[in-house]
Amino acid sequence: MSETTIRTSDSRTEQLNSQRTETNDESEHCPECGGSLVNDSERGETSCVDCGLVVEEDEIDHGPEWRAFDSSEKDRKSRVGAPTTTMMHDKGLSTNIGWQNKDAYGRSLSASQRKKMQRLRTWNERFRTQNSKERNLKQALGEIDRMASALGLPENVRETASVIYRRALKEDLLPGRSIEGVATAALYAAARQANYPRSLDEMEQVSRVERMELTRTYRYIIRELSLEVAPADPESFVPRFTSDLDLSDEVERTARRLVEAAREDGLLSGKSPVGIAAAAIYAAALLSNERVTQSEVSEVADISEVTIRNRYKELLEADGVQNMAA
DNA sequence: ATGGTTTTTACTGCGTC
DNA sequence: GACGCGGTAAAAACCAT
């Protein structure tokens, strides 16, 4: 006996879940007594005519939220149009003014009306392109935000990146280039300017654009906006790498000193800053008797072991010379 | 496109644990 | 014998011209 009740309740929930759309269909019947069901949209309930069992309650009323007492009132209150579509950038909601100089009844317009329509077309077009830039910007800023947080870049870098992007947009640098590409390039430039440099490889990880496009776009916007981006300072990589390698503050300080020594000897120009930083850390760890292998450093710095070897010899040499002189 | 510089790849030998 | 390290040559990448 208990089994049967369980089964009926099961079948009931099944009906409710899978056939929700058909509850007011004539073919529906009461699970208890088999009587026909009636839908009361005022109460949001579906109930049985015979036994009064409420089959479904708290339904969502999909009807209009207003009431109309005659057809003219219905015309006034009803407000629906064509469905929106995401296929169009503005969901198809922007205004279009037809090119034909005809009114709604197909009659030709007077000369003054024609001129008026022409002016309206012009302005409408202007506002629409304005909006397209807004949307463009919005998407780009979203991308910048996403990439910046993926790379752990602080707020001010995002700010700078968005300023750069806005300028690029304003100078009409976008046509022919992807939003994503310019956004990535802007962020790359901003990060470098703010001394939180990220390598091209790192940018590539979080961006959807190819390396080639990124470098090309980057060069382009740097040139066109005449941004001044100094070559990355090796020291700005030092803290990140030391912490990635779990090395002490002492190593970090020594590494900085080595970089400085190299700078004074003019060893920095032309060499990759990342390589210098990696080598400085390796050398510093050696001097502090902390264990790191070249391959570990090359791993976190994303630089070859050979480069580390070549650089760190030079660094120690420069540092040695300084110590001799002192 | 070209040439010069830097970095990477691949391979080798040496010493140590 | 595996590993870390140092060195080398050639290839590849990068950059300015």
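Of the set (1) over 29 Å from A:PRO234 (Cβ atoms); (2) loosely packed, with under 14 Cβ neighbours inside 10 Å; (3) polar (S, T, N, Q), all apply to A:ASN136 but (2). Taking each residue of segment A:111-137 that is in a helix (DSSP H, G or I) and looking for partners that are basic (Lys, Arg) with beta-carbon atoms closer than 9 Å, six or more apart or interchain, yields A:LYS133/A:LYS170; A:LEU137/A:ARG166. Only helices (runs of 4 or more DSSP H) whose full extent lies in segment A:139-212 are considered here, and the ones with at least 3 residues that are at pLDDT below 90 and of a type in the set (Asp, Glu) are A:200-206. Restricting attention to segment A:265-285 and to residues that are more than 12 Å from DNA strand B (Cβ to nearest atom) and buried (at least 16 other Cβ atoms within 10 Å of the Cβ), the residue that is farthest from A:ASP233 (Cα to Cα) turns out to be A:ALA285. Here are A:ARG216, A:ARG253: which of them is surrounded by fewer than 16 Cβ atoms within 10 Å (Cβ to Cβ), farther than 30 Å from A:THR129 by Cα and either among the charged types (D, E, K, R) or at pLDDT 90 or above (or both)? The conditions single out A:ARG253. Taking (1) modelled with pLDDT under 90; (2) surrounded by fewer than 16 Cβ atoms within 10 Å (Cβ to Cβ); (3) not aliphatic (A, V, I, L, M) in turn, A:ARG309 satisfies each apart from (1).
Does A:ALA262 satisfy the condition of being modelled with pLDDT of 90 or more, among the hydrophobic types (A, V, I, L, M, F, W, C) and within 13 Å of DNA strand B (Cβ to nearest atom)? Lay out the reasoning, then the answer.
Details: modelled with pLDDT of 90 or more: no; among the hydrophobic types (A, V, I, L, M, F, W, C): yes; within 13 Å of DNA strand B (Cβ to nearest atom): yes.
Taking the combined requirement at face value, the residue does not satisfy it.
Taking first residues from segment A:152-169 that are charged (D, E, K, R) and partners that are in a loop (DSSP other than H, G, I, E, B) and at pLDDT below 90, the Cβ contacts under 7 Å between residues at least 6 apart in sequence or on separate chains come to A:ARG167/A:LEU225.
The values are calculated or read from the model by the stated rules, or taken from the named source; none is laboratory data. The structure displayed is predicted, hence computed values, not measured ones. Here the Cβ is made from the backbone with ideal geometry for all residues, glycine too, and neighbour counts use every protein chain on show.
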